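Derivation of every value follows stated rules applied to the coordinates shown; laboratory data play no part. Being a predicted model, the structure only gives us computed values, none of them experimental. With ideal geometry, Cβ positions are generated from the backbone for all residues, glycine too; neighbour counts draw on all protein chains shown.
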Amino acid sequence: MPDTFDSLETRSPAEREASLFARLPEILKQAAKAPAYAKRLEGVDLDGIRSREALASLPILRKSELPDLQKTALPFGGFVADALGLFGRLFTSPGPIFEPEAAISDPWRSARGLFAAGFRRGDVVLNTFSYHLTPGGFIMDSGARALGCAVIPAGPGNTEQQFELIEAYRPVAYCGTPDFLKILLDGAAASDRDVSSIRRALVSGAAFPKSLQDEFSAKGIEAYQAYATADLGFIAYETSAREGLVVNEDIIVEIVRPGTGDPVPEGDVGEIVVTTLDPHRPFIRLALGDLTAAMSGSSACGRTNMRIKGWMGRADQATKVKGMFIRPEQVAEISRRHPELGRLRLVVTREGEADVMTLMAETNEPSDALSAAISTTLHSVAKLKGLVAFAPPASLPNDGKIIADERRYD
């Protein structure tokens, strides 16, 4: 049997899907007790939201909107029904974005990811994520303690004190950014400090290239990465298969075309949208602004949930052309008006000290008439004139980039 956290991780995809969407209507009803969600879900038959297709009909909530929305109704913008005193901890992250922590065990669903990284009951864990106001330190701390680990709440920085803690407590596991783990290892080597007790790590919050993974492995540390956010906790995590990141249980992940709420075909790059089945703090279709792509099949580690490729860039590609903002939502509107087209990509360049935008459009039936129609739509939607260039189907890059700003000012 695979070494998994519990049997939920190895159930059939159909069984998981049925369970998630059987629970979703009650979560939507719980969310609708909060005034902001009640307004967004007004007129929706919540009992009928029992499939991905039905879920995709609900409005997107963009994480980038939360700071302004929360200002209108402090602290949570009207998206939380429970009283403040019913939560365990109350945080703020850069933005600012205010976040509550449910008063339950493992409120950020991080124990699974830590287990997949090799953390086990009785381990001593050095946690170098911040414990000051933001959830980062507590996301890892709560999951590790739910597993039965002892946690050193070290926080970031102060390497000399970190060395003292490591030599005294001999932690076998590390949580933090990959960059800070490298700083610790390099600093220990330079100052003849003993950090050899650390044998496994769960890293997040920064890029983790294979070169750095190999460097840690050469020093006896098996490090795995997680994709997590301050509002949602663990979304996906790496396993021993080293094939993408496995999506966490008890959440629904969609990959949508940037600027829309429309799911993309499997394998296409799009924006990550998450719905949580947390009755204390439900999120309904929260668009994170990060790009990824779904992977086909199941992980070789035995876990059967959806896999994603990890972070592949930002979906917010808004740029200014001739003094006016052009956004992915506008390109998506052109796509809606011309369903005969494939992928679209708006390329912005400079010619003769002037901005030029060219809409690249995939089609197998290019024509002057189609070009003229698209040009008219582009002008109508963007309020700017632009060129239209056709490309063969499936020829534009599958990188989630809707707007490519290629201007150079050398």
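Can you classify region 109-231 as rounded, prolate or oblate using the Cα gyration tensor, where a ≥ b ≥ c are the square roots of its eigenvalues, rounded means a/c under 1.5, and otherwise it's prolate if a/b beats b/c and oblate if not? Rounded. Listed by chain and number, the aspartates and glutamates placed with their C-alpha closer than 18 angstrom to that of residue 401 are 254, 262, 266, 268, 271, 290, 316, 329, 333, 362; residues fewer than eight positions away on the same chain are left out. Note on region 160-309: dipole from Cβ charges, positive end direction compared against 225, 289, 259; the farthest Cα belongs to 225. Protection proxy ranking, highest mean first, for peptides 227-234, 163-170: 227-234, 163-170, where packing is the per-residue count of other beta-carbon atoms within 10 Å, averaged. Computed over region 279-342, the percent of Cα pairs more than 20 Å apart is 58. Placing a pseudo-label 7 Å from each Cα along the Cα-to-Cβ vector at residue 197 and residue 83 gives an inter-label distance of 4.4 nm. Backbone amide hydrogens, once placed in the peptide plane, bring residue 290 within less than 5 Å of 272, 315, excluding anything fewer than 5 places away on its chain.
Dipole of region 16-101, Cα-centred, from +1 at each Lys and Arg C-beta and -1 at each Asp and Glu C-beta, to the nearest 20 debye?
80 debye
Listed peptides 196-206, 212-222, 97-107 appear in the order 196-206, 97-107, 212-222 once ranked by packing, highest mean of other Cβ atoms within 10 Å at the front. Highest average first, the peptides 4-16, 53-65, 277-289 ordered by how many other beta carbon atoms sit within 10 Å of their residues are 277-289, 53-65, 4-16.
Amide H contacts under 5 Å for residue 62: 287, restricted to partners 5 or more places along the chain or on a different chain, H placed in the peptide plane at 1.01 Å from N.
Pull out a ≥ b ≥ c, the square roots of the eigenvalues of the alpha-carbon gyration tensor of region 5-116, then state rounded if a/c is under 1.5, prolate if not and a/b is larger than b/c, and oblate in the remaining case.
Values: a/c = 2.01, a/b = 1.19, b/c = 1.69.
Oblate.
Dipole size of region 109-231 about its Cα centre, with +1 on Lys/Arg Cβ and -1 on Asp/Glu Cβ: approximately 540 debye, rounded to the nearest 20. With 31 Å as the limit, the listed pairs 33/71; 33/309; 29/71; 63/309 have 33/309 beyond it between alpha carbons. For region 3-19, the residues whose amide N sits under 14 Å from a probe point set 7 Å from the Cα of residue 120 along the beta carbon direction are 3-5.
Rounded to whole numbers, the Karplus 3J(HN,Hα) couplings from phi for region 158-170 are 6, 4, 4, 5, 4, 4, 5, 5, 5, 5, 7, 9, 6 Hz, using 6.51 cos²θ - 1.76 cosθ + 1.60 with θ = phi - 60°, and x at Gly and Pro. With neighbour counts taken as other beta-carbon atoms within 10 Å, the residues 149, 175, 301 rank, fewest first, as 301, 149, 175. Based on the convex hull around the alpha carbon atoms, region 319-405 presents an average projected area of 5.4 nm². In whole Å, what is the distance between the alpha-carbon centres of region 250-288 and region 312-350? The distance from the Cα centre of region 250-288 to that of region 312-350 comes to 20 Å.
In deg cm²/dmol and to the nearest 500, what is the mean residue ellipticity at 222 nm of the chain if only DSSP H runs of at least 4 residues count, each as -39500 (n - 2.57), divided by the residue total? Let's see the in-between values first.
Details: 11 runs with 113 residues, N = 410.
It lands at -8000 deg cm²/dmol.
When both bridge partners sit in region 319-405, DSSP labels roughly 60% of those beta bridges antiparallel. Listed values for region 369-385 are Karplus-derived 3J(HN,Hα) couplings in whole Hz (6.51 cos²θ - 1.76 cosθ + 1.60, θ = phi - 60°), namely 5, 5, 4, 5, 5, 5, 4, 5, 5, 4, 5, 5, 7, 8, 6, 9, 7, and x replaces Gly and Pro. Tally the DSSP beta bridges in the chain and give the antiparallel ones as a percent, rounded to 5. Antiparallel bridges make up about 60 percent of those DSSP assigns within the chain.
Given +1 at the Cβ of Lys and Arg, -1 at the Cβ of Asp and Glu and no other charges, the dipole of the chain around its Cα centre is 440 debye to the nearest 20.
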